[in-house]
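**Q** Supplied in structure tokens, the structure appears directly below.
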Amino acid sequence: MIDEKQTEVRAAWLYFMEGLTQAEIARRLGTTRLRINRILVDARRNGLVGITLNSELASCVALEQEFIRDFRLKAAVIVPTPADEEQVPMILGRATANFVSRYLENNRIRGFGIGWGRTLREMTRHIRAGRYPDLCVNSMMGGLTRGLEINTFDIVSELARRLNSQCQYLAAPIYASSPESRDTIMAQDIFRDAFRRIEKNELAVLSIGDLTKRSMLVRYGLPEDVGIKELKAAGAVCDIIGQFIDERGHPIDHALNRRALALPLNDLSDATTVVFAAGGAHKVRAIAAVLRGGLGSVFVCDETTARAAAALARKGN
């Protein structure tokens, strides 16, 4: 399996190329020192490690280390770009599921915040089933009124079922009709309690939405009185949980951001670990903006997109 192979290559790279100890590698990869020792022995025996590191994944592992260093991340997961770009959400969903599964197994947490979209839906399908009765999976934003399987409500309920955990929905639309309406909604006890819970998430897993017609938010979630052109005119390059940011990773000054029923982006850093999972050529500019803004602590991306986004992000700094 590719997840197992990636773990082997990452361990070999970190040991032979980065000089980390086996204990450090075990902590980095969320596994045991004994397993790392076995992996390194096998790597020598089966030819994975010789004078060079023989794997198509080696370039991905090297790029992961660049991401961690250049953008001050806790971790990065870079996977080979599939020949068919339509497969990117599935590939990234599986990679994210593997990362989150290890994270849950190695960190006792009570709050797990989740966004929406195709990649996160794929993550939900592939996450390892477990039993976490003290964990609560929380919606971090309102949802669509139509019943799409990529909707936040469906993702939260399925994820909680897979993990045998509790779940809490943010039972509201993505946007209120006005900033004043949002304030009225947020003043209600049920929503104040919901956001207190969201603010306590130790782990948040989110996607990044671009401003093309491929975007689920653009197609299904925007209010009728707001168009893409005016968002772009205000400097928007992408959205995170329904809130739009500019190329520097800062929230734009637009009323729609003040209508979003979601955790304010300025409060994202309260979570111990914020994972962004996104890829595909149409999201390069969006990912670069999030990297510049320092909004996440972990990135999951495909290699081709990651290289282009990193180059663009560095150019802007």
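The values are calculated or read from the model by the stated rules, or taken from the named source; none is laboratory data. Only a predicted model underlies this, so the values are computations on that prediction, with no experimental measurement involved. Using ideal geometry, Cβ is built from the backbone for each residue, glycine included, and neighbour counts are taken over all protein chains shown.
**Q** Using the structure shown, decide if R146 is assigned to a loop (DSSP other than H, G, I, E, B) and either modelled with pLDDT under 90 or polar (S, T, N, Q) (or both).
**A** So R146 passes the test.
**Q** From L20, L34, L40, which residue is over 26 Å from G130 (Cβ atoms) and either assigned to a helix (DSSP H, G or I) or in contact with a Cys (Cβ under 6 Å, 6 or more places away or on another chain) (or both)?
**A** L40
**Q** Now for a different question. If only one of L222, L217 is surrounded by 15 or more Cβ atoms within 10 Å (Cβ to Cβ) and more than 20 Å from the chain's Cα centre (by Cα), which one is it?
**A** Only one candidate passes the filter, namely L222.
One line per residue, one yes/no per condition, for (1) aliphatic (A, V, I, L, M); (2) at pLDDT 95 or above; (3) over 21 Å from R314 (Cα atoms):
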{"position": "R214", "(1), (2), (3)": "no, no, yes"}
{"position": "L217", "(1), (2), (3)": "yes, no, yes"}
{"position": "Y220", "(1), (2), (3)": "no, no, yes"}
{"position": "G235", "(1), (2), (3)": "no, yes, no"}
{"position": "G242", "(1), (2), (3)": "no, yes, yes"}
{"position": "D246", "(1), (2), (3)": "no, yes, no"}
{"position": "A271", "(1), (2), (3)": "yes, no, yes"}
{"position": "V275", "(1), (2), (3)": "yes, yes, no"}
{"position": "G279", "(1), (2), (3)": "no, yes, no"}
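**Q** Could you tell me whether A171 is of a type in the set (G, A, S), surrounded by fewer than 14 Cβ atoms within 10 Å (Cβ to Cβ) and either more than 23 Å from G117 (Cβ to Cβ) or in the same structural domain as I127 (by TED's automatic domain parsing) (or both)?
**A** yes
**Q** Looking at A204, A255, A236, A194, can you tell me which residue is assigned to a loop (DSSP other than H, G, I, E, B), crowded, with 20+ Cβ neighbours inside 10 Å, of a type in the set (G, A, S) and assigned by TED's automatic domain parsing to the domain that holds S181?
**A** Testing whether each residue is assigned to a loop (DSSP other than H, G, I, E, B), crowded, with 20+ Cβ neighbours inside 10 Å, of a type in the set (G, A, S) and assigned by TED's automatic domain parsing to the domain that holds S181 leaves just A236.
**Q** Another question, if that's okay. Is it the case, given these coordinates, that A76 is at pLDDT 95 or above and in the same structural domain as H282 (by TED's automatic domain parsing)?
**A** Criteria met by A76.
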